[in-house]
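First comes the structure, then the notes that go with it.
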Amino acid sequence: MKRFPEHISGANVILKCFYGPVFFLLLLLGCSQNEQNLELGAGDEEGYLLVGEIKLIDEANSLLKVAHEDIPGFMPAMIMDFSVSEGDLQNAKVGQRIKARMVRDEEGGFQLMRIWPLSEEDASDLKKYNERLQKRLRELPLGRYLGEGDESADFALLDHRGNIVTSDDLLGRSLVMNFIFTRCPDANMCPLSTSKMGQLQKLAKEADLPVNFVSVSMDPEFDTPGVLRQYAKAYGIEGDDFYFVTGPKPAVLNLLRSYGVTAIEKVDTIMHSLATLLIDQNGEILMRSDKSAWEPETFLEKLESTTGT
Ligand SMILES: [Cu+2]
């Protein structure tokens, strides 16, 4: 997968502006810093960009029948079958508009990757919440990030079921939040952190505590809702109280910045720090651990002492 480095030179920005639809979007936005490009799946150049509507879900053959729009220079608008991953198959809904990358599959047919649901309502939430987050970031003194005693950051992102979830949706229950990415190769970092989140979810359930769990992907270009859904399954994490979230890269990066979580893109991985946060039902940060060695039991104790049952 091709990646753009985070800090690109002015000349590169101009060059990048000439890539297809991105050009028009950036033209509209005037390449401004304040209005960020919140297009889902922006920046991905593998295969062909496809926009279409799901017409039929063939679970037995892992296929989606999609009516796609014209793909300039490649294919006119038509209805076609596409092989998709298990996570994408589970997230698919008939009638849903999607954006994806179309590539050849092993059998000579076509496959859809990087599938993002498209909804105007979601786009408006993504924009509204990201603007709130940007405003908050501008108010944060230089070098400061959110910690114990602070009000948590606003966000709107897509979860591993493909649904939009906002910070406001999660008020009324305690919230444990951490940061991961599915391709993390370091067993002591994200994989361990996800296992601990799963353990804490079980402990909280046993103790009958009203808690939500949010794991924010630090790799939103790769971690689509479908990829996150498969990741959740691989860790045996189920339940409506657990949200693996992803979204437009600027929205994710703003959230990371607000919590002082660093994520530096390398050729094939992301160098990153960790943070695990306990946020109360009103959105105040009660506890923060920056270690990979955080203990689910410590968080459970804090949850028990602060959550009325
Ligand atoms: Cu990691």
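The values are calculated or read from the model by the stated rules, or taken from the named source; none is laboratory data. Values in this document were obtained by computation on a predicted structure and should not be read as measured data. With ideal geometry, Cβ positions are generated from the backbone for all residues, glycine too; neighbour counts draw on all protein chains shown. SASA here: full protein model, heavy atoms, side chains in, ligands and nucleic acids out. Shrake-Rupley method; radii C 1.70, N 1.55, O 1.52, S 1.80 Å.
Just to verify a result, which residue in the range 255-292, among those that are more than 18 Å from residue 200 (Cα to Cα) and charged (D, E, K, R), is farthest from the ligand (Cβ to nearest atom)?
284
Out of everything in the range 248-285 that is aliphatic (A, V, I, L, M) and part of a helix (DSSP H, G or I), what residue ends up being nearest to residue 193 (Cα to Cα)?
256
Among what's in the range 290-309 and is open to solvent by less than 20 Å² (accessible area, probe 1.4 Å) and hydrophobic (A, V, I, L, M, F, W, C), pick the residue that is farthest from residue 193 (Cα to Cα).
303
Would you check which residues across the range 118-154 are under 15 Å from residue 250 (Cα atoms), open to solvent by 10 Å² or more (accessible area, probe 1.4 Å) and not polar (S, T, N, Q) and list them?
123, 125, 127, 128, 129, 131, 132, 135, 136, 137, 138, 154
Is it the case that residue 213 is more than 15 Å from residue 158 (Cβ to Cβ) and within 16 Å of the chain's Cα centre (by Cα)?
So residue 213 fits the description; yes.
Would you point out which residue out of 236, 149 is in a loop (DSSP other than H, G, I, E, B) and either within 20 Å of the chain's Cα centre (by Cα) or within 16 Å of the ligand (Cβ to nearest atom) (or both)?
236
Listed residues 113, 80, 75; which is in contact (Cβ under 8 Å) with a residue 40 or more places away in the chain and either of a type in the set (A, V, I, L, M) or not assigned by TED's automatic domain parsing to the domain that holds residue 213 (or both)?
Criteria check complete, one pass: 113.
Can you confirm whether the range 163-175 contains a residue that is within 16 Å of the ligand (Cβ to nearest atom) and either in contact with a strand residue (DSSP E or B) (Cβ under 8 Å, 6 or more places away or on another chain) or open to solvent by 10 Å² or more (accessible area, probe 1.4 Å) (or both)?
No.
If you check residue 251 against the conditions, is it crowded, with 20+ Cβ neighbours inside 10 Å, away from the ligand (no atom under 16 Å from the Cβ), within 22 Å of residue 115 (Cβ to Cβ) and not hydroxyl-bearing (Ser, Thr, Tyr)?
yes
When you scan the range 75-95, how many residues do you find that are open to solvent by less than 50 Å² (accessible area, probe 1.4 Å) and within 15 Å of residue 58 (Cα to Cα)?
Of the residues in the range 75-95, 11 are open to solvent by less than 50 Å² (accessible area, probe 1.4 Å) and within 15 Å of residue 58 (Cα to Cα).
Answer yes or no: is there a residue in the range 36-57 that is without any contact (Cβ under 8 Å) to a residue 60 or more places away in the chain, under 20 Å from residue 225 (Cβ atoms) and polar (S, T, N, Q).
For the range 36-57, residues without any contact (Cβ under 8 Å) to a residue 60 or more places away in the chain, under 20 Å from residue 225 (Cβ atoms) and polar (S, T, N, Q): absent.
Among the residues of the range 202-229, write down those that are away from the ligand (no atom under 16 Å from the Cβ) and surrounded by fewer than 20 Cβ atoms within 10 Å (Cβ to Cβ).
If the condition is that a residue be away from the ligand (no atom under 16 Å from the Cβ) and surrounded by fewer than 20 Cβ atoms within 10 Å (Cβ to Cβ), then 202, 203, 205, 206, 207, 208, 209, 210 are the ones that fit.
Taking residue 184 and the conditions (1) more than 9 Å from the ligand (Cβ to nearest atom); (2) outside any strand (DSSP E or B), which numbered condition does it fall short on, given that it satisfies the others?
(1)
Residues to consider are 262, 246; find the one that is open to solvent by 40 Å² or more (accessible area, probe 1.4 Å), touching a Leu at 6+ places or on another chain (Cβ under 8 Å) and among the β-branched types (Val, Ile, Thr).
Step by step, each of 262, 246 is checked, and only 262 is open to solvent by 40 Å² or more (accessible area, probe 1.4 Å), touching a Leu at 6+ places or on another chain (Cβ under 8 Å) and among the β-branched types (Val, Ile, Thr).
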